[in-house]
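The values are calculated or read from the model by the stated rules, or taken from the named source; none is laboratory data. These figures come from a predicted structure and were not determined experimentally. When we count neighbours, we look across all protein chains shown, and the Cβ atoms used for this are built from the backbone with ideal geometry, even at glycine.
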Amino acid sequence: MNTSLKILLLVFAALLVPGCLQAAEKAPGEEDTPINLVRMGGQDMVQRLSTGEIAGFVGWEPWPSIAITEGYGKSLLDSGDIWEDHPCCVVAYDNDWYEDTENADEILNRASLIQMKSVEYINSAKNRSHPDHEELVGFTMEFGGLTNRDAAELSLDNVDFVYMPNIEGTQTFIGRIMDFGIFDVDKWKQSGYQTAEEYANDLITTEYVDWAIQNKDMPLTELALPETVTIRYGYLINDVHELPFYIGWKKGWFDDVGINITLAEGAPFQNGAFQMQKGFKAGAVDIGSLGIPPVIIHRINSNDFTIDDTKVGVISGMNNEGSVIVVANNINSLRDLRGKTVGYPGPGTIQHVLFLMAADKEGLKVSY
Amino acid sequence: MKLGSGKNGLIINIFSIVGFIFLWHVLIVLAREDIFNIPFMRLRDIPTPVETWNALVGSMFTRIYGPALTYGIINHVEASLIRVIQGGVLAFAVGVPLGIGMGYSKLIGNILNPMVEIVRNMPPMAWIPLAIFILVSGGSIFIVFIGMVFPIILNTIYGVKSTDPRLIDAAKTLGASGSGIVMKVVIPSALPSIVAGLRIGLGVGWMAIVAAEMVIRSPVGLGYFIWNMGDLGRYAEMVAGMIVIGVVGYFMNISILLFQKRFIKWAD
């Protein structure tokens, strides 16, 4: 064996031996057996729960409602049980687009107004005796890719649609994301933020929602921009949380205020992490809706701070709560999931962070 | 690929590695300073060697943050290696007897050749969707099996067919039976070629396992690790994982070469 080979083999052994020793030292007992989170798409979660390949999943609506109404599983925890009124999806804009667009503030004012109008429409039409209820269920089924009306109704019940951004809740999310070791420590230092509060205040502004509240009684056409602008919009696939966007789009309200919505390249995105990286960072999305944790995480981790290419601003809320931990019928507690596989949309998504929070409360470990 | 032998070879090897790392560092720094970039690429997002090294060291072992348990690279390597070994053993057990049969018997060769020739041209990655939908578990092992089995079959056939006919005639003259000829003449003669097939198969299997782990659901494995790190925007860890994939693949190749050199001394 030649010298170089010996050196390389020594290096390899040096890497392997400590790993084996560590594995031997830290062999988990039953109490430490983690719940295994495994990434998969929503459709896959439902299908794999139905065949028993996974013991449960944490997902956004409509997937939990589909699994429950089809009888594949039951709701173990609504995300509101983990954290009441937690913020979920938001509307955000790309900072590069903002700086390059002369009337960006005027556009964002109107986007917030449409968001508010859509949320108010949904919250009224949720009532089953409301004349618009049928239309709302139709929109939900179209946007969620649903064929089951019961699942659409259950989805609507499970999601709390809002337009006001939740700064305090965002601070809490930032704190928990730090606790869970998701931030790249070096990137966090580069960001210059000292506290979660400072970061949340820089990320979110309420000025556009304030403008929307002041102008909510004005006919939309009277608020139309002098010239129609085209916006490349990004959203998440089949996510009922983002129904307000779809309703504003389909009812023609964006057109009324002079905003022509086109789908951004890559949209609809599989999850918020993709949307932040392939959408906002890549400059493909001007305005979009997605979960607040991917915004928080990628504004730090994926950002090149010399050019701030992942800088986004949050202008309004989209919904609170609306995620569910769905489990097989023989599972009765989070503890029962130890050693089992649970589907989730991917690391850094809101469902990921919420699941970690639920496990933390129970003193359980989660591998991902 | 072998590293250079002798002192000069080692010095050249070291300079080559250091030079590559230096070039890598310079390219990234120039991109970040907006001095140079390759069109259609975002070179500035690639971590520097120092950032990658720090990420490698930081993510080598399992870390626990409250409820979150993130497996270390060492655990991911272990999981991927176990899958490759399982798939490899299966491929060896299936591929060698098939290859001997196809190489030694014209009838078996004629029966199986059309299937082998068609199926071997389907890349292992093309089997991933089928593995996802058909197999309840073991999808990654199946992909490794597909990647490894055909190089083993083809090299075994080649090895068997390359057996010196004079050796077979000599064995026959000395009264050896058909199975005796296969066991004592054909297999030993084909062994270097079988091991070469194993080496090629391991390379394909290792590449296939990483691709399979990115798609087939598993909580641990190098493919899963680099995909997860990409999802979290932790590009330095992602690149560190990629380098580990290369290093482990290299050592696997070297291990087979050493095995061949040590135990199959009649191989050229």
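Odds and ends about this structure:
- Residue within segment B:158-178 that is on the phi > 0 side of the Ramachandran plot and modelled with pLDDT under 90 present: yes
- With respect to the stated conditions, residue A:140 fails to be surrounded by fewer than 23 Cβ atoms within 10 Å (Cβ to Cβ) and in a helix (DSSP H, G or I).
- Scanning segment A:258-276 for residues that are surrounded by fewer than 23 Cβ atoms within 10 Å (Cβ to Cβ) and of a type outside the set (A, V, I, L, M, F, W, C) returns A:258, A:260, A:262, A:265, A:266, A:268, A:270.
- Verdict on residue B:90 being touching a Ser or Thr at 6+ places or on another chain (Cβ under 8 Å) and buried (at least 16 other Cβ atoms within 10 Å of the Cβ): no
- Segment A:143-164 - residue that is surrounded by fewer than 19 Cβ atoms within 10 Å (Cβ to Cβ) and not acidic (Asp, Glu) and, of those, nearest to residue A:268 (Cα to Cα): A:145
- Just one of (1) within 14 Å of another protein chain (Cβ to nearest Cβ); (2) surrounded by 13 or more Cβ atoms within 10 Å (Cβ to Cβ) fails for residue B:7. It is (2).
- Of all residues in segment B:27-75, those satisfying the criterion of being β-branched (Val, Ile, Thr) and either under 31 Å from the mean Cα position of the chain (by Cα) or facing chain A (nearest Cβ under 8 Å) (or both) are B:28, B:38, B:46, B:48, B:50, B:52, B:57, B:62, B:64, B:70, B:73, B:74.
- When A:360, A:286, A:308 are checked against the criterion of being within 13 Å of chain B (Cβ to nearest Cβ) and either within 12 Å of the chain's Cα centre (by Cα) or within 27 Å of residue A:209 (Cβ to Cβ) (or both), a single residue qualifies: A:308.
- Tabulated pairs, segment B:148-167, first surrounded by fewer than 16 Cβ atoms within 10 Å (Cβ to Cβ), second of a type in the set (Ser, Thr, Tyr) and assigned to a helix (DSSP H, G or I), C-beta under 8 angstrom, 6+ apart or interchain: B:162/B:189; B:162/B:193; B:164/B:189; B:167/B:189
- Residue satisfying all of: in segment A:234-244; buried (at least 24 other Cβ atoms within 10 Å of the Cβ) and not aliphatic (A, V, I, L, M); farthest from the chain's Cα centre (by Cα) among these: A:244
- Boolean, residue A:306 is surrounded by fewer than 19 Cβ atoms within 10 Å (Cβ to Cβ), under 30 Å from residue A:198 (Cα atoms), free of Cβ contacts under 8 Å to residues at least 40 places away in the same chain and not aliphatic (A, V, I, L, M): yes
- Exactly one residue out of B:259, B:251 is more than 23 Å from residue A:353 (Cα to Cα), assigned by TED's automatic domain parsing to the domain that holds residue B:84 and modelled with pLDDT under 90, and it is B:259.
- Condition met for residue A:348 (in contact with a Phe, Trp or Tyr (Cβ under 9 Å, 6 or more places away or on another chain), touching a residue at least 24 places away in the same chain (Cβ under 8 Å), closer than 18 Å to residue A:236 by Cα and in a loop (DSSP other than H, G, I, E, B)): no
- Filter result for residue B:96 (assigned to a helix (DSSP H, G or I), under 21 Å from residue B:216 (Cα atoms), in the same structural domain as residue B:162 (by TED's automatic domain parsing) and under 25 Å from the mean Cα position of the chain (by Cα)): no
- Checking residue A:337 against (1) buried (at least 22 other Cβ atoms within 10 Å of the Cβ); (2) under 24 Å from residue A:161 (Cα atoms); (3) away from chain B (no Cβ under 11 Å), the condition it does not meet: (2)
A quick yes/no check of all residues on (1) within 17 Å of residue A:117 (Cα to Cα); (2) away from chain B (no Cβ under 14 Å); (3) touching a helix residue (DSSP H, G or I) at 6+ places or on another chain (Cβ under 6 Å):
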site: A:163; (1), (2), (3): yes, yes, yes
site: A:167; (1), (2), (3): no, yes, yes
site: A:171; (1), (2), (3): no, yes, yes
site: A:196; (1), (2), (3): no, yes, yes
site: A:211; (1), (2), (3): yes, yes, yes
site: A:214; (1), (2), (3): yes, yes, no
site: A:218; (1), (2), (3): yes, yes, no
site: A:223; (1), (2), (3): yes, yes, no
site: A:228; (1), (2), (3): no, yes, no
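- Filter pass, residue A:5 being out of contact with any Phe, Trp or Tyr (no Cβ under 8 Å at 6 or more places or on another chain), surrounded by 16 or more Cβ atoms within 10 Å (Cβ to Cβ) and at pLDDT below 95: yes
- If only residues of segment B:55-71 that are outside any strand (DSSP E or B) and out of contact with any helix residue (DSSP H, G or I) (no Cβ under 7 Å at 6 or more places or on another chain) are counted, the one that is surrounded by the fewest Cβ atoms within 10 Å (Cβ to Cβ) is B:57.
- Some residue of segment A:293-307 being closer than 26 Å to residue A:164 by Cβ, touching a helix residue (DSSP H, G or I) at 6+ places or on another chain (Cβ under 9 Å) and in the same structural domain as residue A:63 (by TED's automatic domain parsing): no
- Beta carbons closer than 6 Å, at least 6 apart along the sequence or on distinct chains, pair a first residue in segment B:182-211 that is in the same structural domain as residue B:253 (by TED's automatic domain parsing) with a second that is modelled with pLDDT of 90 or more and outside any helix (DSSP H, G or I) for B:186/B:163; B:189/B:163.
- Options A:353, A:295, A:314; residue that is outside any helix (DSSP H, G or I) and of a type in the set (A, V, I, L, M, F, W, C): A:314
Quick grid of which residues meet (1) of a type outside the set (Gly, Ala, Ser); (2) buried (at least 18 other Cβ atoms within 10 Å of the Cβ); (3) within 8 Å of chain A (Cβ to nearest Cβ); (4) over 30 Å from residue A:303 (Cα atoms):
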residue	(1), (2), (3), (4)
B:227	yes, yes, yes, no
B:240	no, yes, no, no
B:243	yes, no, no, no
B:248	yes, yes, no, yes
B:260	yes, no, no, yes
B:264	yes, no, no, yes
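- Residue A:269 falls short on exactly one of the conditions (1) away from chain B (no Cβ under 14 Å); (2) within 25 Å of residue A:66 (Cα to Cα), and that condition is (1).
- Residue check for residue B:50: surrounded by fewer than 14 Cβ atoms within 10 Å (Cβ to Cβ) and touching a residue at least 12 places away in the same chain (Cβ under 8 Å): yes
- For segment A:45-137, the strands (runs of 3 or more DSSP E) that sit wholly inside it and include 1 or more residues that are surrounded by 24 or more Cβ atoms within 10 Å (Cβ to Cβ) are A:56-60, A:89-94.
- Filter result for residue B:81 (within 24 Å of residue B:196 (Cα to Cα), within 12 Å of chain A (Cβ to nearest Cβ) and assigned to a helix (DSSP H, G or I)): yes
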